[in-house]
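A.B. asks: If you scroll down you'll find the structure; I have some questions about it.
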Amino acid sequence: MQCLSIDKVSIGLIVNPVAGMGGAVGLKGTDGQAILNKARSLGAKPSAPAKAKAFLSDLNLTEDCMHLVVGAGNMGEDESKSLRLNVSVLGEKKKETSAEDTREIAVKMRQTGVTLIVFCGGDGTARDILQAVGTVIPVLGVPTGVKMHSAVFAVTPQAAARVVLRYVAGELPLREAEVMDVDEEAFRSGRLSAELFGYVMTPYEPHLIQANKVATPITESELRNQAAVAVFVIEKMKPDLIYIIGPGTTTRTIGDLLDAKKTLLGVDILSDKKLIAKDVNEKQILETIRGKKARIVVTPIGGQGFIFGRGNQQISPEIIRQVGLDNIIVVATESKLGSLRGSLKVDTGDSRLDEDLRARKQSVIADYGVEYLVSIE
């Protein structure tokens with residue numbers, strides 16, 4: 001790797017230690033102390049530290065031209081020291097951290113003149129970074145949250161490391177990237193209310209940086225296509241199987257045609273074409289499928305292409321492995337599939353599982369009787 005100059009480049013790292021804890025337990029976010037407490041009561045475990053370490057492990061800090069500046073304690077220091085990295089620390093070590101701590105550390109990084117701020121979190125963390133630095137310093141997100149609608153995130157922690165290395169080497173341009181967030185209260189009630197909060201500057205590499213989430217257009221032809229896909233899936237359903245149905249308008253149509261009142265933004269379970277569990281979490285899914293054969297039905301995130309790891313963390317790596325890769329059903333209308341340029345994405349949090357998924361082509365049902373084999377990146 002070649003450096004931008006003869007001086008060391010300082011890279012800032014801020015970890016939101018509670019980001020993503022609401023995903024597997026079905027809370028659709030972790031904004032606010034009350035929701036965090038509820039997530040913990042449901043058995044939620046932190047996922048951000050492991051993803052921060054995955055990012056750092058792929059970041060070549062042996063180079064003389066790069067130095068890491070991190071948040072204190074569990075906001076970056078702990079993960080760095082566990083990998084025996086020599087870093088500078090900003091802020092105070094705390095047992096419980098807040099959005100204010102994120103903003104304060106980001107401001108200090110701005111003041112110390114870091115070249116790039118990398119943060120591990122979701123859309124809420126992106127908003128905090130935006131408030132602290134605006135467009136003064138480039139920003140890159142390592143995806144560790146539940147809601148990741150913003151265009152500031154790398155597709156995986158490993159991809160984030162590659163972006164940093166290429167940016168430091170002067171190989172990547174900057175672009176304005178949208179910082180989006182949703183109303184979590186509305187989200188938990190099944191309403192998606194997204195808002196644009198502003199822009200940050202982000203290194204850009206189209207294969208490594210995710211796009212912002214794009215809503216499926218509500219047109220007559222799109223609705224007909226969704227219905228045709230749903231009918232085809234329903235006709236192929238077997239009475240002796242459990243069906244784990246992920247969020248989305250296309251998957252919800254399956255429930256609509258069965259009069260099952262499926263949730264739009266949650267994960268539901270069907271058996272014998274009837275809804276047997278609604279808006280479930282990882283634990284409930286595991287209990288339901290124990291000792292039984294099951295299939296997973298998901299639809300890719302519009303504009304991004306993720307089938308796992310964005311908004312459906314309830315369908316965990318353990319569940320995917322237990323169900324089996326050959327029992328994954330992906331549905332997407334022709335227009336959505338076309339917008340994804342012929343590829344899907346995964347970021348399950350289990351790198352070996354991601355590799356196993358990427359090693360195969362995935363069948364995608366795009367219309368009645370129409371299926372395509374699609375690559376997974």
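The values are calculated or read from the model by the stated rules, or taken from the named source; none is laboratory data. Small disclaimer: the values here were computed from a predicted structure and weren't measured. Note: ideal-geometry Cβ built from the backbone for every residue, glycine included; neighbour counts use all protein chains shown.
A.B. asks: From the list Gly170, Gly145, Gly134, pick out the single residue that is under 23 Å from Gly305 (Cβ atoms) and touching a residue at least 24 places away in the same chain (Cβ under 8 Å).
C.D. replies: Values: Gly170 fails: under 23 Å from Gly305 (Cβ atoms); Gly134 fails: under 23 Å from Gly305 (Cβ atoms).
Exactly one of Gly170, Gly145, Gly134 is under 23 Å from Gly305 (Cβ atoms) and touching a residue at least 24 places away in the same chain (Cβ under 8 Å), namely Gly145.
A.B. asks: Right, something else. Sort out which residues of region 212-261 are outside any loop (DSSP other than H, G, I, E, B) and hydroxyl-bearing (Ser, Thr, Tyr), and write them in order of number. Can you show your working first?
C.D. replies: Residues of region 212-261 that are outside any loop (DSSP other than H, G, I, E, B), as a first pass: 220-236, 242-245, 249-257.
Matches in region 212-261: Ser221, Tyr243, Thr249, Thr250, Thr251, Thr253.
A.B. asks: Output the residues belonging to region 347-360 that are under 26 Å from Ile234 (Cβ atoms) and at pLDDT 95 or above.
C.D. replies: In the first step, residues of region 347-360 are kept if they are under 26 Å from Ile234 (Cβ atoms); the result is 357, 360.
Hit for region 347-360 is Leu357, nothing else.
A.B. asks: Shifting gears a bit: Out of all the residues in region 334-366, which are more than 19 Å from the chain's Cα centre (by Cα) and on the phi > 0 side of the Ramachandran plot?
C.D. replies: Scanning region 334-366 gives Arg341, Gly342.
A.B. asks: Test each condition in (1) of a type in the set (Ser, Thr, Tyr); (2) farther than 18 Å from Phe153 by Cα; (3) modelled with pLDDT of 85 or more; (4) buried (at least 19 other Cβ atoms within 10 Å of the Cβ) for Thr202 and report the one that comes out false.
C.D. replies: Failed condition: (2).
A.B. asks: Now, a different point. Being farther than 18 Å from Ser10 by Cα, in contact with a strand residue (DSSP E or B) (Cβ under 8 Å, 6 or more places away or on another chain) and of a type in the set (Asp, Glu) is the filter here; which residues of region 59-115 pass it?
C.D. replies: Asp101
A.B. asks: What residue, among those in region 126-168 that are more than 14 Å from Ala48 (Cα to Cα) and of a type in the set (Lys, Arg), is surrounded by the fewest Cβ atoms within 10 Å (Cβ to Cβ)?
C.D. replies: Here the residue is Arg166.
A.B. asks: Would you confirm whether any residue within region 100-112 is over 22 Å from Gly198 (Cβ atoms) and touching a residue at least 12 places away in the same chain (Cβ under 8 Å)? Show your work before the answer.
C.D. replies: Quick first cut of region 100-112, residues over 22 Å from Gly198 (Cβ atoms) only: 112.
Filter once more, keeping what is touching a residue at least 12 places away in the same chain (Cβ under 8 Å): 112.
Yes, the conditions are met somewhere in region 100-112.
A.B. asks: Of the conditions (1) touching a Ser or Thr at 6+ places or on another chain (Cβ under 6 Å); (2) more than 14 Å from Val331 (Cβ to Cβ), Ile245 clears all except one; give me its number.
C.D. replies: (2) is the only condition that Ile245 fails.
A.B. asks: Please go through region 274-286 and give me each residue that is without any contact (Cβ under 8 Å) to a residue 12 or more places away in the chain and part of a loop (DSSP other than H, G, I, E, B), ordered by number.
C.D. replies: none
A.B. asks: Within the bounds of region 205-218, is there any residue that is over 30 Å from Pro157 (Cα atoms) and in contact with a Leu (Cβ under 6 Å, 6 or more places away or on another chain)?
C.D. replies: Looking through region 205-218, none of the residues is over 30 Å from Pro157 (Cα atoms) and in contact with a Leu (Cβ under 6 Å, 6 or more places away or on another chain).
A.B. asks: Given the conditions (1) touching a residue at least 60 places away in the same chain (Cβ under 8 Å); (2) farther than 12 Å from Gly246 by Cβ, report the number of the one that Ser271 does not fulfil.
C.D. replies: Here Ser271 clears every test but (1).
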